[in-house]
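J.: Before we start, here is the structure in question, set down as structure tokens.
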Ligand SMILES: Cc1cc2nc3c(=O)[nH]c(=O)nc-3n(C[C@H](O)[C@H](O)[C@H](O)COP(=O)(O)OP(=O)(O)OC[C@H]3O[C@@H](n4cnc5c(N)ncnc54)[C@H](O)[C@@H]3O)c2cc1C
């Protein structure tokens with residue numbers, strides 16, 4: 001352990017924390033400690049971290065904004081990597097924008113609107129990073145990242161940098177082939193459409209105000225379950241009488257049934273129990289099993 005810590009510190013001086021509580025890095029505020037949290041400032045540090053992890057057989061997890069994650073109470077073994085500084089660049093070139101993986105998605109949507117570029121209005125209220133959004137093909141209001149992504153620069157777990165064209169990525173509903181390929185997004189190139197900056201801002205504001213009126217204000221990870229074709233999961237959950245269902249401090253939101261919120265001190269176990277209860281009740285009522293949209297990670301007890 002001491003040798004590992006020293007090795008990691010040599011690669012990212014001042015950028016390694018040990019036993020770092022993941023609840024401090026997730027929007028749900030749930031999650032035990034990561035053995036190591038590494039925050040590389042540039043690509044060579046990331047490459048060296050990957051090589052080191054491979055050589056030492058240390059598991060590796062890439063964290064974005066932590067807004068789609070349910071992390072176990074025991075936390076994550078190995079190295080959790082969060083991209084910082086040089087991974088947050090935004091470069092506009094006509095209707096193309098090249099974006100670093102660590103960039104905040106709402107910030108990108110705002111900057112695109114200011115440039116008079118349309119296509120990211122749906123993303124103005126989706127928290128988290130560009131890397132996470134591409135990884136799970138985040139979307140809302142009938143649009144998703146796959147509509148705008150043209151190519152990606154990624155690094156493999158072996159440290160090789162590769163470029164993918166969008167059609168190679170098998171984007172589907174809240175899923176991209178990326179997670180299966182064990183790749184880390186470094187940057188994405190998006191194609192947007194010229195438009196009137198005021199109208200773009202208005203459309204984005206419209207979506208944001210819909211969110212403010214419908215979404216809970218307590219900590220959450222967004223929608224917990226995937227929608228079924230033509231059947232919003234929230235409607236099924238509400239129809240099965242689950243609103244307000246609670247275990248410990250994990251509760252099906254009273255405002256939006258597809259959100260399970262943390263009322264204060266919810267644990268992973270509480271959260272999983274509520275998920276299981278909701279799935280059972282929806283199955284009994286509608287004969288369908290809901291599939292989780294949130295990513296569950298970490299060591300099980
Ligand atoms: C209030 C609220 C509202 C939300 N609304 C929406 C919504 O409307 N639509 C929607 O789709 N989601 C929504 N979400 C969920 C979440 O914000 C999005 O899915 C977001 O895109 C996740 O990005 P992140 O950076 O937080 O990823 P994380 O949660 O950190 O990670 C998610 C996954 O992506 C992987 N990942 C992260 N960075 C990279 C990278 N650089 N390369 C490869 N893989 C990576 C992680 O390993 C993990 O598997 C909402 C969440 C909240 C809290």
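J.: Of the residues 200, 136, 155, which is farther than 30 Å from residue 257 by Cβ, surrounded by 18 or more Cβ atoms within 10 Å (Cβ to Cβ) and within 11 Å of the ligand (Cβ to nearest atom)?
T.: Unique residue meeting the criteria: 155.
J.: Test residue 198 against the stated conditions and say whether it is closer than 23 Å to residue 122 by Cβ, modelled with pLDDT of 95 or more and part of a strand (DSSP E or B).
T.: no
J.: Does residue 263 satisfy the condition of being within 16 Å of the ligand (Cβ to nearest atom) and at pLDDT 95 or above?
T.: yes
J.: Can you spot a residue in segment 74-89 that is over 26 Å from residue 8 (Cα atoms) and either more than 9 Å from the ligand (Cβ to nearest atom) or modelled with pLDDT of 95 or more (or both)?
T.: no
J.: Also: Just a yes or no: is a residue in segment 108-126 outside the structural domain of residue 225 (by TED's automatic domain parsing), part of a loop (DSSP other than H, G, I, E, B) and within 12 Å of the ligand (Cβ to nearest atom)?
T.: Looking through segment 108-126, at least one residue is outside the structural domain of residue 225 (by TED's automatic domain parsing), part of a loop (DSSP other than H, G, I, E, B) and within 12 Å of the ligand (Cβ to nearest atom).
J.: Related question: So if I check each of 257, 221, 266, 276, which one is under 22 Å from residue 130 (Cα atoms) and either touching a residue at least 12 places away in the same chain (Cβ under 8 Å) or assigned to a helix (DSSP H, G or I) (or both)?
T.: Selected residue: 221, the only one of 257, 221, 266, 276 that is under 22 Å from residue 130 (Cα atoms) and either touching a residue at least 12 places away in the same chain (Cβ under 8 Å) or assigned to a helix (DSSP H, G or I) (or both).
J.: Only one residue in 224, 185 is within 15 Å of the ligand (Cβ to nearest atom), closer than 30 Å to residue 44 by Cβ and crowded, with 19+ Cβ neighbours inside 10 Å. Which one?
T.: Answer to the selection: 185.
J.: For residue 284, state whether it is more than 30 Å from residue 121 (Cα to Cα) and either surrounded by fewer than 21 Cβ atoms within 10 Å (Cβ to Cβ) or in contact (Cβ under 8 Å) with a residue 60 or more places away in the chain (or both).
T.: Against the criterion (more than 30 Å from residue 121 (Cα to Cα) and either surrounded by fewer than 21 Cβ atoms within 10 Å (Cβ to Cβ) or in contact (Cβ under 8 Å) with a residue 60 or more places away in the chain (or both)), residue 284 qualifies.
Conditions tested, residue by residue: (1) closer than 23 Å to residue 126 by Cα; (2) in the same structural domain as residue 250 (by TED's automatic domain parsing); (3) touching a strand residue (DSSP E or B) at 6+ places or on another chain (Cβ under 7 Å).
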residue: 11; (1), (2), (3): no, no, no
residue: 16; (1), (2), (3): no, no, yes
residue: 22; (1), (2), (3): yes, no, yes
residue: 40; (1), (2), (3): no, no, yes
residue: 53; (1), (2), (3): no, no, yes
residue: 58; (1), (2), (3): no, no, yes
residue: 63; (1), (2), (3): yes, no, yes
residue: 70; (1), (2), (3): yes, no, yes
residue: 78; (1), (2), (3): no, no, yes
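J.: A follow-up question, please. Only one residue in 290, 236, 254 is surrounded by fewer than 22 Cβ atoms within 10 Å (Cβ to Cβ), away from the ligand (no atom under 14 Å from the Cβ) and modelled with pLDDT of 95 or more, so which one is that?
T.: Going through 290, 236, 254 in turn, the sole match is 254.
J.: Just one of (1) on the phi < 0 side of the Ramachandran plot; (2) in the same structural domain as residue 178 (by TED's automatic domain parsing) trips up residue 94, so point out which.
T.: Evaluating residue 94 over (1) on the phi < 0 side of the Ramachandran plot; (2) in the same structural domain as residue 178 (by TED's automatic domain parsing) leaves (1) as the failure.
The values are calculated or read from the model by the stated rules, or taken from the named source; none is laboratory data. The model shown is predicted, which means the values in this text are computed figures rather than measured ones. Reconstructed Cβ throughout: ideal geometry from the backbone, glycine too, with neighbour counts over all protein chains shown.
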